[in-house]
Each structure stands twice: as structure tokens, then as C-alpha cells.
Amino acid sequence: MKRLALATIPIAALLFSACSPSEVVNTGGDTKCKDFTAQDEKKQNDEVSKMLKDKNGTDPTNMEISATRLSALTYCQTIGKEDTKISEAPHG
């Protein structure tokens, strides 16, 4: 029984760590500004690509991804709040 208890401690620590969902899973348009601005460009592109695909049903072009990422990033760095979703940023 002690072994089981000791084995569950590291698992619980991993489950309850301070990782936000978008660090682990691609949350697309539900990604919050605080997480989006902390991500590298590739991860931001992945989030935006998923958001656009979910919205339109087709894979977005690289130009659409770049323009929307820049729009979301600018929005998050200016008038967006930490908990604002990137899908709330104005984009085409």
C-alpha cells in the first residue's frame, strides 16, 4: 500500500502542475492571450491554424495564418486582457 501511495505522488504532481492547457494541447481559438503571447511563433501558428480550420472547415493558407497570428498578437498586446481568447481578436 505504501508503494502505491508513493507512486501516485509524482503522477499527481504532473497532473496538477502549473501548465496551462494550451501548453499541452492545441486549443486553437480558445487559447488565452496570456498563453498566446508567451508561445513561440511556431506554436502561435499552430493555434491560429487550428482556429481557422475549425472556423472555415478547410486548411488555411500560410498567408492567412501569418496575418491572423499578427492580428491576434497585436490585439493581445494592446486591448486584449490576459483571459481574452484569441478568437475574439478581429480577423478575416
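Structure summary
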item: Residues that are within 18 Å of Glu41 (Cα to Cα) and part of a loop (DSSP other than H, G, I, E, B), drawn from the range 83-92; result: Ala89, His91
item: Pairs with Cβ under 7 Å, 6+ apart, first in the range 69-80 and over 12 Å from Thr31 (Cα atoms), second small (Gly, Ala, Ser); result: Ser71/Ala89; Tyr75/Ala89; Gly80/Ala89
item: Single residue of the range 43-59 satisfying the filter (free of Cβ contacts under 8 Å to residues at least 12 places away in the same chain and not charged (D, E, K, R)) that is nearest to Lys85 (Cα to Cα); result: Asn56
item: Subset of the range 24-77 (residues that are part of a loop (DSSP other than H, G, I, E, B) and either buried (at least 20 other Cβ atoms within 10 Å of the Cβ) or not hydrophobic (A, V, I, L, M, F, W, C) (or both)); result: Asn26, Thr27, Thr31, Gln39, Asp40, Gly57, Thr58, Asp59, Pro60, Thr61
item: Total residues in the range 76-92, condition closer than 10 Å to Thr37 by Cβ and not hydrophobic (A, V, I, L, M, F, W, C); result: 3
item: Which listed residue, of Lys81, Lys85, is exposed (fewer than 14 other Cβ atoms within 10 Å of the Cβ) and among the basic types (Lys, Arg); result: Lys81
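Only the coordinates and a few stated rules stand behind these numbers; no lab work does. Everything quoted here is computed from the prediction, not taken from an experiment. Ideal geometry is used to build each Cβ from the backbone, glycine not excepted, and the neighbour counts take in all protein chains shown.
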